[in-house]
Amino acid sequence: MKRYYLKTMGCQMNEHDSEVIAGILASLGYVPTDELEEADFILYNTCSVRENPERKVYGHIGAFRLLKEAKPELVIGICGCMPQQRDELESILDKLPHVDLIFGTHNIHRLPELLERAQSGERVVEVWDEAEAAPGEDSRDGLPVVRRHNVKAFVNVIYGCTNFCSYCIVPYTRGKEHSRLPEKIVEEVRGLAQQGFKEVTLLGQNVNAYGKDLEINTSFADLLRELNDIDGLQRIRFTTSHPRDMGDDLIEALADLPKVCEHLHLPVQAGSNRILRRMNRGYTREYYLQLVEKVRKAVPNISLTTDLIVGFPGETDEDFEETLSLVREVRFDSAFTFIFSPRKGTPAAKMHNQVPEEIKKERIYRLIDLQNEISAQYMQQLLDQELEVLIEDLTSEGLVGRTRTNRQVHFTGDPSLVGQLTTVRITNASTWSLKGELVEK
Ligand code: SAM
Ligand code: SF4
Ligand code: F3S
């Protein structure tokens, strides 16, 4: 029996790619292991969005040289976003000579052949710049998938990104926008519902662009309407929405469709118009605030979350104060906060006025403090409320599930309840998690 060790470093799309890779490896007779020493195949599915995870790859895989010396038939592989950048690929080839197999984000379906060649001693490198597929076609269709969860599942709706935000590497690593045909998505979700999955999260770097590259006339809101009709499916989530492309039809779908959960991840990135323009985000602070108002009017109890970057080149104290004031004004339920990390090949990496590290750190601490305070207030408001919770899993501490607004709740109950929708009364609320008790109905 062959064993593989798979490390996933990136976003939800990267996580779902790993589920497909796990499916392919299972079909080849491999079983997963958490022990590096046991593995016959070590694979790192990498992320390039910030520098830190890239550095880790060199550190970790550099150290596997010893494993390889002790076991020459071990195959060490790197896939995901790092090899999609030519410079990075060359640096991997140069600095990690014991890596046998490198493939890109468009080559996952080719893994069986590539792995076989690597096993026979060849150093295999296959990285395509774009998917070799016609509009609507998908080289992943029909590939086996081993999913991490049994109750909820990721489903790709659109690959790639053509927004070219000036700080972001993703358009260079994931290629241009490429939507799947609606019937393929519906077929996959129907299949999942029949297998007993209760929730799907639709994935895309910008789901709001869904359908624009297809020859048929369709949109993300149309897709949501179709999926909402699937029997057995109980919840639909999606990520990520670009504020610029968030149309009224999608807001209506959010308000109308009972299965679409009351949660919207709407990355704003910054609060200052000057910085938003330099980021090439395509909207202003005023536009974003109006959009939030519209969304909240249509879905009053919606949970809004966001992504924020501090220390973008040229960000002054005044610009940063505008990010803080936007956070105070919108009052996001929670936020992912990032220190700007220059990515080679992106316009922002070449901009003058890079912000010193100490200032970036100072700013992120202030931003995190503010957001934590707001998040904690939202959580406190939930005390004593009875909420619909989909039970996702059983842990050593009991059952764990999520509210429709995507908040995690821990409580005790019968393990057979996993996969069911229940009502839970919140008894304890901290900044990050909730505890509760099942309400008998
Ligand atoms: N497509 C999504 C969007 O536009 O919001 C998410 C893209 S990215 C995977 C997730 C987040 O990483 C972004 O929203 C942004 O806040 C952050 N990010 C991207 N590039 C970055 C960089 N160079 N430095 C710091 N944060 C970055
Ligand atoms: Fe990156 Fe912008 Fe595309 Fe999101 S929309 S993936 S931040 S380029
Ligand atoms: Fe990272 Fe690639 Fe996702 S750069 S965030 S794994 S698309």
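The values are calculated or read from the model by the stated rules, or taken from the named source; none is laboratory data. Being a predicted model, the structure only gives us computed values, none of them experimental. Cβ sites come from the backbone with ideal geometry, for glycine too, and all protein chains shown count toward neighbours. Side chains included, ligands, DNA and RNA excluded: accessible areas come from the protein's heavy atoms. Shrake-Rupley method; radii C 1.70, N 1.55, O 1.52, S 1.80 Å.
What FRET efficiency comes out for Lys361 versus Arg65 if R0 is 30 angstrom and r is the Cβ-Cβ distance? Round to the nearest 0.05.
Working from the Cβ atoms, E equals 0.35.
Could you report the accessible area of His263 in Å², rounded to 10, computed with a 1.4 Å probe on the protein chains as they sit in the structure?
His263 exposes around 40 Å² with every protein chain in place.
Leaving ligands and nucleic acids out of the surface, order Ser179, Ser91 by accessible area at 1.4 Å, largest first.
In descending accessible area the options line up as Ser91, Ser179.
Using amide H atoms built in the peptide plane, which far-off residues or other-chain residues are under 5 Å from Tyr159 H to H?
Correct list: His178, Ser179, Arg180.
With Cβ to Cβ distances under 15 Å as the rule, what net charge do the other residues near Thr346 carry (K, R +1; D, E -1)?
Working: positive: Arg50, Arg86, Arg174, Arg278, Arg281, Arg343, Lys344, Lys350; negative: Glu51, Glu54, Asp87, Glu88.
Here the count lands on +4.
Amide H to amide H under 5 Å from Phe338: which residues, 5+ apart in sequence or cross-chain, H placed 1.01 Å off N in plane?
Leu308, Ile309, Val310
Placing +1 at every Lys and Arg Cβ and -1 at every Asp and Glu Cβ, with all other atoms neutral, what dipole size does the chain have around its Cα centre, in debye to the nearest 20?
Details: 53 positive and 69 negative charges, 127 e Å.
In total the dipole reaches around 600 debye.
Read phi for every residue in segment 88-103 and hand back ³J(HN,Hα) as whole Hz from Karplus 6.51 cos²θ - 1.76 cosθ + 1.60, θ = phi - 60°, with x for Gly and Pro.
After applying 6.51 cos²θ - 1.76 cosθ + 1.60, I find 5, 4, 5, 5, 5, 4, 7, 8, 10, x, 8, 7, 9, 9, 10, 9 Hz.
At most 16 other Cβ atoms within 10 Å and a DSSP loop assignment: could you name the chymotrypsin sites (Phe, Trp or Tyr not before Pro) in segment 129-164 that fit?
Values: sites: Phe154, Tyr159, Phe164; in loops: Phe164.
Counting only loop positions with at most 16 other Cβ atoms within 10 Å, the chymotrypsin sites (Phe, Trp or Tyr not before Pro) in segment 129-164 are Phe164.
At a Förster radius of 56 Å, what calculated FRET efficiency corresponds to the Cβ-Cβ distance of Val439 and Asp249, to the nearest 0.05? Intermediate results must be reported in sequence, preceding the final value.
Working: r = 36 Å, r/R0 = 0.64.
For Val439 and Asp249, the calculated efficiency is 0.95.
Restricting things to alpha carbons, find the Rg to Rh ratio for the chain using the Kirkwood radius for Rh.
Details: Rg = 22.4 Å, Rh = 23.3 Å.
Result: Rg/Rh = 0.96.
What does the charge add up to near Gly271, with Lys and Arg as +1, Asp and Glu as -1, over the other residues with Cβ less than 9 Å from its Cβ? List each step's numbers first, then the result.
Details: positive: Arg285; negative: Asp319, Glu321, Glu322, Glu329.
Taking every Cβ under 9 Å from that of Gly271, the sum is -3.
Quick one: which of Lys7/Lys294; Lys212/Lys361; Lys71/Lys176; Lys2/Lys344; Lys7/Lys344 span more than 29 angstrom between C-alpha atoms? Can you show the working numbers first?
On the way: Lys7/Lys294 40 Å; Lys212/Lys361 39 Å; Lys71/Lys176 40 Å; Lys2/Lys344 38 Å; Lys7/Lys344 24 Å.
In this structure, Lys7/Lys294; Lys212/Lys361; Lys71/Lys176; Lys2/Lys344 exceed 29 Å between Cα atoms.
Roughly what % of DSSP beta bridges within segment 149-261 run antiparallel, to the nearest 5? List each step's numbers first, then the result.
Numbers: 2 of 13 bridges.
Around 15 percent of the beta bridges assigned by DSSP in segment 149-261 are antiparallel ones.
Gap in Å between the Cα centre of segment 269-297 and the Cα centre of segment 126-171?
27 Å
Whole-Hz ³J(HN,Hα) for each residue in segment 343-358, computed from phi via Karplus 6.51 cos²θ - 1.76 cosθ + 1.60 with θ = phi - 60°, x for glycine and proline: what do you get?
10, 3, x, 9, x, 5, 5, 8, 5, 6, 6, 5, 7, x, 3, 4
Along the charge dipole of the chain, pointing to its positive end and built from +1/-1 on Cβ of Lys, Arg, Asp and Glu, which listed residue (Pro347, Gly136, Val292) has its Cα farthest out?
Looking along the dipole axis, the top candidate is Pro347.
Tell me the net charge near Gln380. Cut-off is 14 Å between Cβ atoms, Gln380 excluded, with +1 for each Lys or Arg and -1 for each Asp or Glu.
Values: positive: Arg331, Arg407, Lys435; negative: Asp333, Glu373, Asp384.
Within the 14 Å Cβ shell, the charges total 0.
For segment 97-251, which whole-number percentage of the solvent-accessible area (1.4 Å probe, protein heavy atoms only) is attributable to carbon and sulfur atoms?
On the way: 2860 of 6280 Å².
The C+S portion of the solvent-accessible surface of segment 97-251 is 45 percent.
Just read off the accessible area of Lys176 with the full protein assembly in place, 1.4 Å probe, to the nearest 10 Å².
Ignoring ligands and nucleic acids, Lys176 comes out at about 120 Å².
Pull the list of the chain cysteines that no other Cys approaches to under 4.7 Å, Cβ to Cβ.
Here Cys11, Cys47, Cys79, Cys81, Cys161, Cys261 come out as lacking a disulfide-compatible partner, given the Cβ-Cβ threshold of under 4.7 Å.
Rounding to the nearest 20 debye, state how big the charge dipole of segment 149-261 is about its Cα centre with +1 on each Lys and Arg Cβ and -1 on each Asp and Glu Cβ.
On the way: 13 positive and 16 negative charges, 107 e Å.
Computed charge dipole of segment 149-261: roughly 520 debye.
So, with +1 on the Cβ of K and R and -1 on the Cβ of D and E, and no other charges, what is the size of the charge dipole of segment 44-139 about its Cα centre, to the nearest 20 debye?
Values: 11 positive and 18 negative charges, 123 e Å.
Dipole magnitude for segment 44-139 comes out near 580 debye.
For n ≥ 4 DSSP H runs only, could you compute -39500 (n - 2.57) per run for the chain, divide by its residues and tell me the 222 nm figure to the nearest 500? Kindly include the intermediate steps, with their values, before the conclusion.
Values: 14 runs with 153 residues, N = 441.
My calculation for the chain gives -10500 deg cm²/dmol from helical runs alone.
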